[in-house]
Amino acid sequence: MDGVTSTWVEPSGTGAALLLLGRGSDASAERGVECPGELPSPSDPDLVERATRAKAALGDRLFILGHHYQRDEVIQFADVTGDSFKLAREAAARPEAEFIVFCGVHFMAESADILTSDAQKVVLPDLGAGCSMADMAALPQVETAWELLEDADVAGSTVPVTYMNSSADIKGFVGRNHGVVCTSSNAKRALNWAFERGQRVLFLPDQHLGRNTAVLEMGFDLDDCVLYDPHKPGGGLTTKQLREAKMILWRGHCSVHGRFTKSCVDEVRMRVPGVNVLVHPECRYDVVTSADYVGSTEYIIKTLDAAPAGSAWAIGTELNLVRRLAHAHPDKQIMFLDRNVCYCSTMNRIDLPHLVWALEELAAGRLVNQITVDADTAHHARVALDQMLALP
Ligand code: 13P
Ligand code: SF4
């Protein structure tokens, strides 16, 4: 197709407000605390060389994992890239690496710490890299919800399932209560596993992944799903609703994927006849049902790899990944589903200055920004994570 290389249009707006580094974090949130230390200047022309040198100095002692939503300047240093499922598996498969530097967000680094040995240290280059979705389910809130289920006499027949995008203590809660972790690549398998063991699921914390999987992949009705709002007394639900529900969806969402609307889909279909709309399952139900294809980041990448030259694609996921895919496939017309900027602000906190700082500190023998999970939480969270890794 002529000229498709030039069809990538940078979404309007500026990401600058999203890119503040090492500031404004909340010690009580999943994202941890501020990043300590003197960061190199972002304008330092030697940053790439410095990262290369520090990485080489650490050699086999270091393994760098990079999530698909990371910036180009960071992803170029990753030893492996992937979605959260692939990265969890890769972390578990590297017993020889002394340092796992996680270019992703806090809950991913926690999972890596849980899945690796005590001798291995997991480092998050900016402790401000949390996840707003994970912050939407705090342990005391989930314990309150579980007590309500106990009072309704249905806790014993309810299986808790948490999306990977949750804090370690939520995973620990799920492990303690005989549940499983899932990611966007295996949510259907996790729900199948759960429904073999119980009559209903408490799905944390992403209502959209839970609803989309239950209704579109497992044949449940929308009426089988109820929404539990942790900010309302009783979750905003009656005992009868809790008892009759198949899926009790936690009221959480991704602030990035939640931005896409059905009108974005309608608009791109008008503008680009024949366009294929491909979205992540963290998008809302009406977006997913008006799209042509739905899947995790790994699925999105594979689908575009296999797409014929000349085909047109509007993608509903994080902008760093979509832009990279557009540049990797100049023979295809790849565009962002929303016309406005849609970075994940916390993923974007891991930038080259933070990576250089973390690598140089490690090379100098100083362990910085280590992510650790306490032994009891880690034990129970590991049960739920191992269950996920063993899903058929
Ligand atoms: P996956 O990596 O499972 O596709 O999830 C996307 C995401 O939002 C990660 O934070
Ligand atoms: Fe969290 Fe969404 Fe960012 Fe993923 S993309 S880290 S779910 S806010």
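Every number here is computed from the coordinates shown, using simple stated rules; none is lab data. Computed from a predicted structure; not experimentally measured. Cβ sites come from the backbone with ideal geometry, for glycine too, and all protein chains shown count toward neighbours.
Above 26 angstrom, tally the Cα pairs of the chain and express them as a % of all pairs, no decimals. Spell out each step's value before the answer.
Numbers: 40514 of 76636 pairs.
The proportion of pairs with Cα distances above 26 Å equals 53 percent.
Each residue of the range 348-353 is assigned a 3J(HN,Hα), and the resulting list reads 6, 5, 7, 10, 4, x Hz, derived from the Karplus form 6.51 cos²θ - 1.76 cosθ + 1.60 (θ = phi - 60°), x at Gly and Pro. Label positions at M270 and Q76, each projected 7 Å from the Cα along the C-beta direction, are separated by 4.0 nm. For E38 and Q199, what is the calculated FRET efficiency with R₀ set at 45 Å and r taken between the beta-carbons, to the nearest 0.05? In this case the efficiency is close to 0.20.
Given a Förster radius of 51 Å and the C-beta distance between E217 and Q370 as r, what FRET efficiency does 1/(1 + (r/R0)^6) yield to the nearest 0.05? Write out the running numbers ahead of the final one.
On the way: r = 38 Å, r/R0 = 0.74.
So the FRET efficiency works out to roughly 0.85.
Helical content alone sets the calculated 222 nm signal of the chain at -10500 deg cm²/dmol, taking -39,500 (n - 2.57) per DSSP H segment of four or more residues and averaging over every residue. The modelled label-to-label distance for the pair R53/Q241, using points 7 Å beyond Cα in the direction of Cβ, is 6.1 nm. Taking the fewest neighbouring Cβ atoms within 10 Å as the starting point, the ordered list for W193, W146, W357 is W146, W193, W357.
Near I350, once Lys and Arg are set to +1 and Asp and Glu to -1 for all other residues with Cβ below 9 Å from its Cβ, the sum equals 0. Sequentially through the range 89-97, phi angles give Karplus couplings (6.51, -1.76, 1.60; θ = phi - 60°) of 5, 5, 4, 5, 9, 10, x, 7, 7 Hz, Gly and Pro residues having no value and appearing as x. Pair-distance distribution P(r) for the range 257-336, from all Cα-Cα distances in 5 Å bins starting at 0: 3, 17, 30, 27, 17, 4, 0 percent. For the range 70-180, a Kirkwood hydrodynamic radius built from all Cα pairs, placed in the Stokes-Einstein relation at 10 °C and 1.306 mPa s, yields a translational diffusion coefficient of 103 µm²/s. Considering only Q141, T239, V122, and ranking their Cα positions along the charge dipole of the chain that arises from unit charges at the beta-carbon of Lys, Arg, Asp and Glu, the one farthest toward the positive end is T239.
Listed by chain and number, the lysines whose alpha-carbon sits under 30 Å from that of K246, ignoring those within fewer than 8 places in the same chain, are K86, K171, K188, K232, K262.
Of all DSSP beta bridges confined to the chain, the antiparallel ones make up roughly 5%.
Close amide-amide hydrogen proximity is noted between M164 and C182, T183, each under 5 Å apart and 5 or more residues distant or on a separate chain (H modeled in the peptide plane; Pro and chain starts excluded).
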